[in-house]
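Below: the structure, in structure tokens.
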Amino acid sequence: MGLLSRLEKLDRRWLYAILAALVIGPMVRPLYFPLEVSAPVRGFYDAIRQVPDGSTVLMACDYDPSTRPEMVPMTMTAMRQLFDKHCKVVVTVLWNGGPGIVDQTLRRVASEYPDKRYGVDWVNLGYKAGYEAVMVLMGQGIANAFPVDYGNHRTNDYVALPIMQNVRDYSSFPLLVSISAGYPGTKEWVQQVNSRFHIPMISGSTAVQAPEFYPYLQSGQIRGLLGGMAGAAEYEKLRNERGSATRGMDAQSLAHVFVALCILLGNLVQWRKRRGVAA
Amino acid sequence: MSLSHDFGIWCGALLTLCIFSFLYKDNPLYKFAEHLFVGVSAGYYIVLNFWTVIVANLVNPLATAFAPGGHPFHGQLGDYRAFLIVPGVLGCLLFTRLFGRIGWMSRWALAVIIGVYAGLKTTGFAQGDLVAQVQGSLQPLWTGRVGDSISAILFTVGLICSLLFFFFSREHKGALGAASKVGVWFLMVSFGAGYGYTVMSRISLLIGRFQFLLEDWLGLR
């Protein structure tokens, strides 16, 4: 029996085992593959860099725990870059499974900055049901759409949340950072907010969604794009951080080579088989 | 290596291993984890939606509106007060589907939902996608730089050929056939890129789970 015939009958559990080994191996012993920073990632970084120091930025974290490995690293790095610029951050969540993981992530970053206080330097407005309707409503006033924050403080209570004193509507923000894993997310922010209220926007998305957003990048509707774990890792490199995205990239590269090899061999096996049948 | 002492992390790690065991073959441990996930998710989302949607957006504002000294019909933007009775009633009408004879009443609520979202989606798509994308596609073919110009020409050829592929009013023969074939190639490249990104996303999830097992649970960092 030839090698290709044996491959055709290969138990798929071997493929799972090899893939697991390729993912675990580089985590235990990192290979430090080189990582090039792409233009969309640099655009994301530059858009935040160009925001005036101390301004208030809107960050829409639209994801839930199912996309944690891709979304959390980019949320953390973006928060750090904003905090380093002394920006104030107003966070919203339009996914009902999201507020918990988003709050956990934000608090983790905030704990690295002892001078940053909740309600003064950042606020988590929590979840609001309504998808695009909420986005449009926010255009009439952020406090209208979010009467209370995630901790149940009233958003017009400027003693508990002084950050909200200078927040009226979208015109209060020089930049919208959308970290999104699906619907509602970047696409809806572009359609409902960027196009109507003309607020500059950047996006961090899951890799599955990223190809859908390249047209927005090309047309200038978004100024930068982080596509999945690779985008998050490139962003970490620009920031000289070594977060979970960077640590996962060796495994990502090996797994991709393995998947490409499987596709090639699978096609070769099928091609040989069809030739055999035709003959 | 320092094993985690966190009970939650142990639960997460063991349940992850239970789910992974399906890759070997279906087994009771996998079934247990699967059923637990479905049950906990259903319960979690019901409770979450009750407190973050119904109580926060309907019960609390109505309670404020009808409290002594309140102004039921003097709401400002974002503070709709007693007007919330209307969406409240429409929401209740959705449940009439459970009672056969008056089930038709649920269509009123559905009509409002569909009408509002059709309006939002149509204007959003027209402004954000249609107009902006057509505008973004009209770019000069010669930019003064060879690399950018080649990119712009490739983009324009790809755009026109891909559009021609979806032109079904004439048989794809001759020039139209050739152009649509080129369009198919461009579409194939975009599908390939999409597939590659999808693989990356799925592998990222696997990496995330292994990072959790190795770093958070086993303490290997």
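The values are calculated or read from the model by the stated rules, or taken from the named source; none is laboratory data. For clarity, every value in this text was computed on a predicted model and none was experimentally measured. For neighbour counting, all protein chains shown are included, and Cβ atoms are generated from backbone atoms with ideal geometry for every residue, glycine included.
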Completion exercise
Restricting segment B:134-162 to residues that are among the hydrophobic types (A, V, I, L, M, F, W, C) and away from chain A (no Cβ under 14 Å), the one farthest from residue A:220 (Cα to Cα) turns out to be B:161
Handout entry: Residue match in segment B:20-35 (condition: among the small types (Gly, Ala, Ser) and within 13 Å of chain A (Cβ to nearest Cβ))
Key = yes
Handout entry: Residue among A:194, A:156, A:144, A:166 that alone is surrounded by fewer than 18 Cβ atoms within 10 Å (Cβ to Cβ) and out of contact with any Lys or Arg (no Cβ under 9 Å at 6 or more places or on another chain)
Key = A:156
Fill in the blank from the handout: Of the conditions (1) in a helix (DSSP H, G or I); (2) at pLDDT 95 or above; (3) away from chain B (no Cβ under 12 Å); (4) over 16 Å from the mean Cα position of the chain (by Cα), the single one that residue A:252 does not satisfy is (3)
Handout entry: Scope segment A:206-223; condition assigned to a loop (DSSP other than H, G, I, E, B) and either outside the structural domain of residue A:61 (by TED's automatic domain parsing) or within 12 Å of the chain's Cα centre (by Cα) (or both); matching residues
Key = A:206, A:207, A:208, A:209
Exercise for the section: Quickly run through segment A:233-244 and pick out the residues that are within 13 Å of chain B (Cβ to nearest Cβ) and either modelled with pLDDT under 95 or in a loop (DSSP other than H, G, I, E, B) (or both). Expected result: A:242, A:243, A:244
Practice task
Mind checking which helices (runs of 4 or more DSSP H) fall wholly inside segment A:90-189 and carry at least 3 residues that are over 24 Å from residue A:54 (Cα atoms)?
Solution key: A:99-110, A:132-138, A:186-189
Completion exercise
Of those in segment A:200-232 that are at the interface with chain B (Cβ under 10 Å from one of its Cβ atoms) and of a type in the set (Val, Ile, Thr), the residue farthest from residue A:30 (Cα to Cα) is A:208
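Let's see how each residue does on (1) surrounded by 12 or more Cβ atoms within 10 Å (Cβ to Cβ); (2) in contact (Cβ under 8 Å) with a residue 12 or more places away in the chain:
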{"residue": "B:39", "(1), (2)": "no, no"}
{"residue": "B:61", "(1), (2)": "yes, yes"}
{"residue": "B:74", "(1), (2)": "no, no"}
{"residue": "B:95", "(1), (2)": "yes, no"}
{"residue": "B:98", "(1), (2)": "no, no"}
{"residue": "B:101", "(1), (2)": "no, no"}
{"residue": "B:107", "(1), (2)": "yes, no"}
Problem - So residue A:110, is it over 17 Å from the mean Cα position of the chain (by Cα), more than 14 Å from chain B (Cβ to nearest Cβ), at pLDDT 95 or above and surrounded by 16 or more Cβ atoms within 10 Å (Cβ to Cβ) - result: yes
Practice task
Would you please name the residue that is farthest from the other protein chains (Cβ to nearest Cβ), looking only at residues in segment B:85-133 that are assigned to a helix (DSSP H, G or I) and of a type in the set (Phe, Trp, Tyr)?
Solution key: B:104
Problem - Selection count where residues are at the interface with chain B (Cβ under 10 Å from one of its Cβ atoms) and without any contact (Cβ under 8 Å) to a residue 40 or more places away in the chain, scope segment A:146-183 - result: 5
Exercise for the section: Could you list all residues from segment B:207-221 that are more than 7 Å from chain A (Cβ to nearest Cβ) and in a loop (DSSP other than H, G, I, E, B)? Expected result: B:218, B:219, B:221
Completion exercise
Here the qualifying pairs (Cβ atoms under 9 Å; residues six or more apart or on different chains; first in segment A:184-213 and among the acidic types (Asp, Glu); second assigned to a loop (DSSP other than H, G, I, E, B) and crowded, with 22+ Cβ neighbours inside 10 Å) come out as A:188/A:94
Practice task
Determine, yes or no, whether residue A:94 is touching a Lys or Arg at 6+ places or on another chain (Cβ under 7 Å), at pLDDT 95 or above and more than 17 Å from residue A:235 (Cα to Cα).
Solution key: yes
Exercise for the section: Would you check if residue B:13 is without any contact (Cβ under 8 Å) to a residue 40 or more places away in the chain, under 30 Å from residue B:216 (Cβ atoms) and surrounded by 11 or more Cβ atoms within 10 Å (Cβ to Cβ)? Expected result: no
